[in-house]
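What follows is calculated from the coordinates using simple rules that are stated; it is not laboratory data. Only a predicted model underlies this, so the values are computations on that prediction, with no experimental measurement involved. Methodologically, a virtual Cβ is constructed for each residue, glycine included, from the backbone with ideal geometry; neighbour enumeration extends over all protein chains shown.
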Amino acid sequence: MPPLALSSRFRQSITPDALRSYLAEFISTFFFVFAVVGSSMASKKLTLEAEGDPSSLVTVAIANTFALSSAVYIAAGASGGHVNPAVTFGMAVGGHISVPTALFYWLSQMLASVFASLVLRVMTVSQRVPAYAIAEEMTGFGASMLEGLLTFVLVYTVYACSDPRRGPLVAIGPLVIGLTAGAGVLAAGPFSGGSMNPACAFGSAVIAGKFKNQAVYWVGPLLGAAAAGLVYDNVLFPPEVPADSIRGLSDGVGV
């Protein structure tokens, strides 16, 4: 990329509108991480054996669903409601945002996650902030694959829910995204934690001081997000595909 083009993109990333989008990402990510990590802490507070109690998994899954739906909704108008470095990476790979803007999004999301985890630690002095961890029977590679697969589905859903060709269905996008995340937690919670969000895993790890297997929550999700962006935009629903075909293989298949 020519230096002039790079400097131009950087200037576009520090405009007032861009700065508002970074603040929107910070606020939404803070709320999401606070709710998700906080729900895990609350579950452990109320249940002595929370790690082996199915109700604890359901609690965290519901918190993910509600928190992500709300976070995406409140930030959608300003920043697109990424709330996740993997989503930002997938959008950058798909060419929907510039690299400098993606880096600023990442910075906002990471700071928000650390700050949310820190607030939880300060407010609950007697309880530690839980960090994401993989099950004993899981390998790092297997856990990374699992997180990558779930993130692929999540980012693919984000692409689908933000596609203007879906018309009125875009209005329920935040709810669908939240439901996808909740389903991912139910499927992978006992094995890898079902993070699907590098910022959430990083923030809690920083405050907990536990970075073991942290690469699992970066490598898999980023690869899965990149694959989702490429598959959606270039294979299944490229820009030149007629709007009517977004509904299915034939007019007889409704939504």
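Okay, here's what the table says:
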quantity	calculated
Dimensionless Rg/Rh of the chain - Kirkwood Rh, Rg from C-alpha atoms	0.99
Helix-only CD estimate at 222 nm, as mean residue ellipticity for the chain, using -39500 (n - 2.57) per DSSP H run (n ≥ 4)	-23000 deg cm²/dmol
Computed label-point distance, nm, for sites V125 and F141 using a 7 Å Cα→Cβ extension	4.8
Zone of A215's modelled label, taken as backbone nitrogen in the stretch 114-155 under 14 Å from a point 7 Å along Cα→Cβ	139-145
